[in-house]
1. Count the net charge of all other residues whose Cβ sits under 13 Å from the Cβ of residue A:49, scoring Lys and Arg as +1 and Asp and Glu as -1.
2. Leaving ligands, DNA and RNA out of it, work out the accessible area of residue A:206 with a 1.4 Å probe and give it in Å² to the nearest 10.
3. Which three semi-axes in whole Å describe the equivalent ellipsoid of the stretch A:3-52, each the square root of 5 times a Cα gyration tensor eigenvalue, listed largest first?
4. Just reorder A:208, A:17 by solvent-accessible area, largest first, 1.4 Å probe, all chains present.
5. Please check the stretch A:226-249 for residues whose accessible area, probe 1.4 Å, is lower by 30 Å² or more when all protein chains are in place than in their chain alone.
6. Report, as an integer, the average count of C-beta atoms from other chains found within 10 Å of each Cβ along B:174-182.
7. Give the calculated FRET efficiency between residue A:158 and residue B:63 to the nearest 0.05, with a Förster radius of 41 Å applied to their Cβ-Cβ distance.
8. Could you calculate the contour length gain from residue A:42 to residue A:221, that is, 0.36 nm times the residue separation minus the distance between their Cα atoms, to one decimal place in nm?
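The values are calculated or read from the model by the stated rules, or taken from the named source; none is laboratory data. All of these numbers come straight from a predicted model, not from anything done at the bench. Here Cβ is always computed from backbone atoms with ideal geometry, including for glycine, and neighbour counts include all displayed protein chains. Ligands, DNA and RNA are stripped out before the accessible areas are found, and what is left, the full protein with its side chains, is counted by its heavy atoms. Shrake-Rupley method; radii C 1.70, N 1.55, O 1.52, S 1.80 Å.
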Amino acid sequence: MGRRVLITGVSRFLGGHLARRLEQDPDVEYLVGVDLDEPELDLERTEYVRADIRNPLVVKILQTTEVDTVVHPNIVATPPRVGGRAAMKELNVIGTLQLFAACQKAERVKRVIVKSTTAVYGADPRDPSLFTEDMSARSVPRTGYSKDSVEVEQYARDFGRRRPDVDLTILRFANFLGPDIETTLTRYFSLPLIPTPLGFDPRIQLIHEEDAIEVLDRAVREHHPGIYNVAADGVVYLSQALRTLGRPPVPVPLPLVRPLGAVLRRVGLVDYATDQLRFLLYGRVADNGRLKDGFGYRFRHTTRDTLLDFAEKRRLRRLITPERVEEWERDVYEFLRRRSEEPAPAGGRE
Amino acid sequence: MAQVIELPLSRADPGRCRALTASGRRCRNRAVGDTGFCRVHLPAAPERIGPFSAEAVREVLRSLARRMTGDYEVDRYGFDRELTERILLPLARPLMDRWFRIEWRGMENVPPEGGALLVANHAGTIPVDAVMMKFGVLDRHPARRHVRLLAADLAFRMPFIAPLARKSGNSPANADDAFRLLSEGELLGVFPEGYKGVGKSYRDRYRLQRFGRGGFIELALRAKVPVIPVSIVGSEEIYPKIGDIRILARLFDLPYFPVTPLFPWLGPLGAIPLPSKWIVEFGEPIHTEDQPDDAWQDAMLVFELTDRIRDVIQQSLYRNLMSRRSVLL
């Protein structure tokens, strides 16, 4: 008998792409996608149900569709897309609470996969250089997406205790980046001049959208209960990332960072939540060893490749291109050579 | 142009040019200089730009270009090898060799490879001793090893200092990072006295403070790596701390706000360290490899080893203090 899978947030990037991926799999007998908006992608055999996971009706959907696997990637990181922070929290926290309540009732559900984020580790100068899955945050996130994710994980674990027969997978993703996905970070990197906190240079770790979808897909098709960090190999410094993207940084003194963040938000350029400001100061790197061993997965993109792919596919206009730098290099070299030749007579040997 | 092929010296007539002509015969020119070649066959001297060879200049420019386009590697801890070796080390060298005139003893006790734990005394109000030990091993050890230091959180909270601390390969002091670095075969440097050591008053100089809670010994036992006691003489005198303004320390969220003979009276000039004479000695390794696997949970053994290492460092401090002619020489 094939698998019957329900995906939340199917009109959003991860949900939609995962659905499309699973459609190719003959072992997946039935797919249903739940969301408030029509899916943007062309889905062939995914049944779309317009429903709100915050509504207790969700349990009806679970029972009538007789799904055995529930994937919940619908935890949003950016307030404007859902209409403000209050609505975002409502969707993330209350939505998850309702969904788990429904799953608890639905006896056929045997596998639940939840999207979380490495932001649950917080960002603090006392942090260990690498976070493994069993470490806890030194500074518990108190705002925004990170706080929502901490609460979502708490509900997920509670659910796991009440239904020990269900295999629960929690995937903690690093910051997404890629040609198609829209996140706070993609907007930030697309600014013409990029404000950075003066005197700080955090280590950044990314996850390419392709790798993210691939890992979600494997979590559905294979059997991997537990918590996993999903983060690419390698790290880059923020300064290094900006050089890779060819964008000049604009260092902002620390006391001005918050007001500037507020202005950028007001103008609608970047909504940089306060919890992510700490990330820009102290950075965060997660250890992906457990995922590599458990899933036997090799990431297709390192953090640096992810940046390069992002810059190339988005046709990001680089102010400083490698070609131009190469030209400078040649010019400076020629200049130095001419300078050194002038005073000495031509052909003079020691 | 004639092809220049060098002949083996034995067959060459010392009075004649050592090259072969295009037709394959020996060059018959006897007008040779010290090089052994005539003017026609003199191999082209490597091109020079000013006092440097052109290739070296080109290499520097090329690596600058790579840095500008972000094309370089840092490890997961944020260690930037290139920056540390090519920029930071040359900056630290004059401080080590000219200002403090550090005398390095027992460098051969630092193993050329594999994990090891360097345990040192800590002093000087500002942890210059840690930086000196790090760059000293990099500069003077034959294997040019990098010491990865465990530093206080403060270093990772301060603007400008924080990125530098990371990029030169250091980590915030915590057992997870420390154990991981040791098991990856890195050379780890710790200062068990912590703030109690760096921030002690000048009159307590060269008196070792409590060695934390022995966490570093547990680490070495768990990772099964040798412990190398390091004694640093000279760091106590660089900023003699004679007072502490508590209220300012609290205001800036610092462990102490030092008063030295020059600071804060002379403002930025007070930040110049006194040029004391330094002696850094690496003691004989204390081996933990033959201890049983669960030895690190044996509290008595941990205390005993902690005391032993503390004692070795204290003795070595006294010995080297005696051998120093004066504070400045």
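1. Values: positive: A:50, A:60; negative: A:35, A:37, A:38, A:47, A:52.
So the surrounding residues net to -3.
2. Ignoring ligands and nucleic acids, residue A:206 comes out at about 0 Å².
3. Details: eigenvalues 54, 24, 13 Å².
Output for the stretch A:3-52: semi-axes of 16, 11, 8 Å.
4. Per-residue accessible area, sorted high to low, gives A:17, A:208.
5. Buried-area filter returns A:235, A:237, A:240, A:243.
6. Working: counts 6, 1, 8, 4, 1, 0, 5, 1, 0.
Averaged over the peptide's residues, the number is 3.
7. Working: r = 53 Å, r/R0 = 1.30.
That pair, residue A:158 with residue B:63, gives E of 0.15.
8. Numbers: separation 179, 0.36 × 179 = 64.44 nm, distance 2.18 nm.
Extra length from residue A:42 to residue A:221 when fully extended: 62.3 nm.
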